[in-house]
Amino acid sequence: MNSNFIDNEQNIYQHAPAAEPERQLYFMEKARTLLKARFESMLASGEALNQYGQEMLDKMISRQAYGTFCIQTFGCQMNAKDSEKLAGILESIGFIEVDTETADFVLYNTCTVRENANLRVYGRLGQLGALKKKHPRMMIALCGCMMQEKEVVEKLKKSYRFVDLIFGTHNIYQLAELIYRRLNQKKMVVEVWEGTDKIVENLPAERKYAFKSGVNIMFGCNNFCSYCIVPYVRGRERSRNPEEIIKEVERLAADGVVEVMLLGQNVNSYGKNLEHPISFAELLRQVEQVEGIRRIRFMTSHPKDLSDELIAVMKESKKICPHLHLPLQSGSSRILKVMNRKYTKEQYLELASKIKKEVPGISLTTDIIVGFPGETEEDFLETMDVVEKVGFDSAFTFIYSKRTGTPAAAMENQVPEAVVKDRFDRLLKLVQETGSRVSGREVHTVQEVLVEEINDHDSSLVTGRLGNNTVVHFPGDASLIGTIVKVSLDEFKGFYYMGTMQP
Ligand code: SF4
């Protein structure tokens with residue numbers, strides 16, 4: 001970034017408000033001014049035309065944008081929601097989103113839940129470094145869970161010096177201030193916090209879908225499952241004030257959103273650290289009151305503290321979707337203990353059958369880890385037994401991934417790869433068998449479908465989801481996207497329906 005476009009005003013920071021979000025709005029303005037000056041000089045020199053081409057340039061000028069950005073999001077829905085906030089901040093600074101990495105600002109929002117996630121980022125970074133050699137103005141930034149690992153940041157500082165900005169999961173809201181700092185200093189900016197008790201509200205966000213949206217209700221996790229790195233990279237549980245959540249849901253409804261997904265590492269723990277604690281079930285009752293919202297989804301629920309109150313609210317509700325994602329991880333009580341999951345096989349089975357009895361037709365899905373240290377064939381057969389007994393609509397099955405810094409990583413008896421692979425294949429087969437046995441139960445009925453997009457393979461069809469999250473394809477056009485329509489489910493094809501829209 002050449003020095004013509006930096007602020008010589010030494011007291012920029014002195015004037016910066018201390019309170020948030022005012023401070024970030026201040027730096028959005030400051031960064032925008034710098035970017036605008038740079039863009040105008042590129043226009044004057046003709047460089048802008050070479051770099052962006054006429055079509056993009058016209059679009060930028062019409063949108064008063066002064067640069068382009070691209071965000072690559074890895075990992076879970078929490079990261080996807082964070083990326084919407086990051087995109088909102090970048091748009092406010094004057095960047096316009098493009099879907100290619102030859103952009104002025106490229107941001108990787110990283111995940112570290114499994115080892116291969118880190119390896120993928122290092123691989124992609126190498127290519128970005130080569131790109132930056134050709135486009136020295138380019139800025140490369142990294143954030144998200146992987147950046148919370150000290151050894152990762154040290155490696156980046158040493159071997160990836162072309163990276164401009166590194167920040168973590170606790171200060172994503174600070175992006176404008178950090179970009180401004182990088183624009184004014186010649187070296188990499190690294191700002192990763194150990195933890196935080198801060199929740200900054202009312203920052204711009206760029207929603208991916210017009211008709212549905214994730215809504216963070218809490219951050220962090222206190223469960224410390226022995227295989228999981230999340231508590232170390234996402235910090236301690238802190239819940240948003242219910243008023244802020246309801247205000248956000250009302251804003252979304254006013255903006256045309258009909259479906260919200262309430263997000264938290266363990267939503268059942270919602271509200272515990274609030275000045276006036278309320279339960280997750282109570283929060284759901286409040287969200288249910290918001291006009292315009294037709295569907296409420298939530299994830300993730302931990303089996304250890306899923307309350308009868310929550311089941312009752314799901315049963316009574318007209319809007320909460322009949323789908324619950326309830327991670328099992330293992331069916332062996334012995335392994336569940338070593339995983340620090342705080343429930344037994346019997347408790348999980350009892351909970352699953354209670355939910356199915358109280359909320360008829362509910363779709364139950366789950367997560368299962370194969371090959372946890374010390375897992376015996378008997379333990380594995382316990383897992384298979386739970387899958388058989390519960391009858392999940394579907395399950396995400398994972399091979400255990402050693403995460404440095406977690407208690408499980410130091411455990412003896414790591415299971416041999418071949419054994420894990422064999423168990424993984426057997427589990428997958430059973431999950432598909434039991435899934436095909438229980439799903440498809442709505443065939444030849446008329447159900448409500450939220451239309452999400454034009455079908456990828458056949459543009460005469462649209463694709464949507466039932467309340468229980470099952471996919472439906474039926475003839476229709478783009479005018480239906482974002483609406484909830486009645487569809488007769490004519491045929492079930494293993495994991496989706498073919499249907500016909502009803503008048
Ligand atoms: S509940 Fe367990 S698995 Fe889930 S994020 Fe927390 S520590 Fe990780």
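With every protein chain left in place and a probe of 1.4 Å, what is the accessible surface of His276, to the nearest 10 Å²?
140
Name the residues of the range 168-198 whose amide N is less than 18 Å from a point 7 angstrom out from the Cα of Glu154 along the C-beta direction?
190-194
Specify the angular offset, from 0 to 90 degrees and rounded to the nearest 10, of the alpha carbon long axis of helix 175-184 from the longest principal axis of the alpha carbons in the chain.
So the inclination is approximately 30 degrees.
Going by Cβ distance under 4.7 Å, what cysteines of the chain have no possible disulfide partner?
Among the cysteines of the chain, those whose Cβ sits 4.7 Å or more from every other are Cys70, Cys76, Cys111, Cys143, Cys145, Cys221, Cys321.
Quick one: ranking Ile368, Ile399 by accessible area, 1.4 Å probe, largest first, what do you get?
I get Ile399, Ile368, largest accessible area first.
Against the longest alpha carbon principal axis of the chain, how many degrees, from 0 to 90 and to the nearest 10, is the axis of helix 150-159 turned?
Helix 150-159 sits at roughly 40 degrees to that axis.
Counting only pairs 8 or more places apart or on different chains, how many lysine pairs in the range 156-260 have C-alpha atoms closer than 26 Å?
8
Rounded to the nearest 0.05, what FRET efficiency do Asp385 and Glu358 have when you use their Cβ-Cβ distance and R0 = 30 Å?
FRET efficiency, Asp385 to Glu358: 0.85.
By DSSP, what percent of the beta bridges with both residues in the chain are antiparallel, rounded to the nearest 5?
Roughly 35 percent of the beta bridges in the chain run antiparallel, per DSSP.
Tell me the net charge near Ile484. Cut-off is 12 Å between Cβ atoms, Ile484 excluded, with +1 for each Lys or Arg and -1 for each Asp or Glu. Show your work: numbers first, answer last.
On the way: positive: Lys212, Arg294, Arg295, Lys319, Arg465, Lys486; negative: Glu259, Glu448, Glu452.
Local net charge: +3.
Rounded to the nearest 0.05, what FRET efficiency do Asp99 and Glu309 give with R0 = 35 Å and r taken as the Cβ-Cβ distance? Could you check? Each step should come with its number before you reach the end.
Values: r = 44 Å, r/R0 = 1.24.
Taking R0 as 35 Å, the efficiency between Asp99 and Glu309 is 0.20.
What is the gain in length, in nm to one decimal, between Phe396 and Val471 on full extension, counting 0.36 nm per residue of separation less the C-alpha to C-alpha distance?
25.3 nm
To the nearest 10 Å², what's Arg295's accessible area with a 1.4 Å probe?
Approximately 10 Å² for this residue.
Determine the principal axes of the Cα atoms in the range 112-165, then give the extent along each, sorted from largest to smallest and rounded to whole angstroms.
Projected onto the principal axes, the Cα atoms of the range 112-165 cover 32, 17, 17 Å.
Ignoring ligands and nucleic acids, what accessible area does Met261 show with a 1.4 Å probe (Å², nearest 10)?
30
Go through Asp385, Asp379 and list them by solvent-accessible area, largest first, probe radius 1.4 Å.
Greatest to least solvent exposure: Asp385, Asp379.
Give the cross-link partners of Lys304 among the lysines, using a straight C-alpha distance below 20 Å as the criterion and excluding same-chain residues fewer than 8 apart.
Here the lysines satisfying the reach criterion relative to Lys304 are Lys272, Lys315, Lys337, Lys342, Lys345, Lys354, Lys356, Lys357, Lys389.
Find how many whole Å separate the alpha carbon centroid of the range 379-433 from the alpha carbon centroid of the range 165-197.
So the two Cα centres are separated by 38 Å.
Applying the Karplus parametrisation 6.51 cos²θ - 1.76 cosθ + 1.60 with θ = phi - 60° to the phi angles of the range 59-70, what ³J(HN,Hα) value in whole Hz is obtained for each residue in order, glycine and proline being reported as x?
Residue by residue, the range 59-70 yields 5, 5, 5, 5, 9, 6, 9, 10, x, 10, 9, 9 Hz.
The values are calculated or read from the model by the stated rules, or taken from the named source; none is laboratory data. For clarity, every value in this text was computed on a predicted model and none was experimentally measured. In this analysis, Cβ positions are derived from the backbone assuming ideal geometry, glycine residues included, and neighbour counts consider all displayed protein chains. Note: accessible area is taken over every heavy atom of the protein model, side chains too, but ligands, DNA and RNA are not part of it. Shrake-Rupley method; radii C 1.70, N 1.55, O 1.52, S 1.80 Å.
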